[in-house]
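Just below is one structure, and these are the notes that go with it.
Every number here is computed from the coordinates shown, using simple stated rules; none is lab data. The structure displayed is predicted, hence computed values, not measured ones. FYI the Cβ positions are ideal-geometry reconstructions off the backbone, even for glycines, and counts take in every protein chain you see.
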Amino acid sequence: MALDYMLKHRGFPGRLPGTDFQFTLRRANPKGATPIIRRERHADRKPADKKADSGFMAALWTQFKDESFERGNLDAGRLSWLFGREVIPAEDPFDPQSYESMLKIDVPRARAAFPEAFDEEYSA
């Protein structure tokens with residue numbers, strides 16, 4: 001059943017500054033949330049894509065630190081690039097197609113993959 005409600009993370013950037021890389025949704029999809037899947041990141045990804053991943057991780061860290069957080073209006077496509085590695089389920093069972101699913105940052109893995117995202121002076 002589709003939800004017409006999703007938590008909007010106030011203060012979270014809508015996109016990577018100066019780009020079209022989306023970080024959040026404006027409204028819930030009336031057909032239901034897009035499922036979060038694990039997408040493979042290959043070594044030959046474009047620098048802009050890598051910067052979007054790093055910028056998204058920096059935004060997640062700034063907003064949530066090591067606390068669990070609700071998926072809400074966070075973009076499923078962007079989450080999918082980090083899911084199963086730096087962002088993991090915070091509940092069991094986990095529903096990848098729910099706006100109410102709880103996630104958390106796997107801090108050691110995220111710091112290893114995106115050390116710059118944890119720098120206080122980082123600017124994407």
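The DSSP beta bridges internal to the chain are antiparallel in roughly 90% of cases. Evaluating 6.51 cos²θ - 1.76 cosθ + 1.60 at θ = phi - 60° for every residue in the stretch 109-118, the Karplus couplings come out as 5, 5, 5, 5, 7, 9, x, 5, 5, 9 Hz, glycine and proline recorded as x. Per residue, the convex hull spanned by the alpha carbons of the chain comes to 106 Å³. Placing unit charges on the Cβ atoms only, positive for Lys and Arg and negative for Asp and Glu, gives the stretch 47-118 a dipole magnitude near 340 debye about its Cα centre.
In this structure, residue 10 and residue 43 have a Cβ-Cβ separation that, at R0 = 35 Å, corresponds to a calculated FRET efficiency of about 0.45. From zero outward in steps of 5 Å, how is the percent of C-alpha pairs of the stretch 47-118 spread across the bins? Each 5 Å bin holds this share of Cα pairs: 3, 17, 31, 27, 14, 6, 1.
Working from Cα pairs under 8 Å separated by at least six residues, relative contact order for the stretch 19-104 is 43 percent.
If you take the Cα centroid of the stretch 4-46 and the Cα centroid of the stretch 61-86, the two points sit 9 Å apart. Distance between the pseudo-spin-label points of residue 34 and residue 22 (7 Å out from Cα toward the beta carbon): 0.6 nm.
Phi-derived couplings, Karplus 6.51 cos²θ - 1.76 cosθ + 1.60 at θ = phi - 60°, listed residue by residue for the stretch 40-54: 7, 9, 9, 4, 8, 4, 5, x, 5, 5, 5, 5, 5, 4, 5 Hz, with x used for Gly and Pro.
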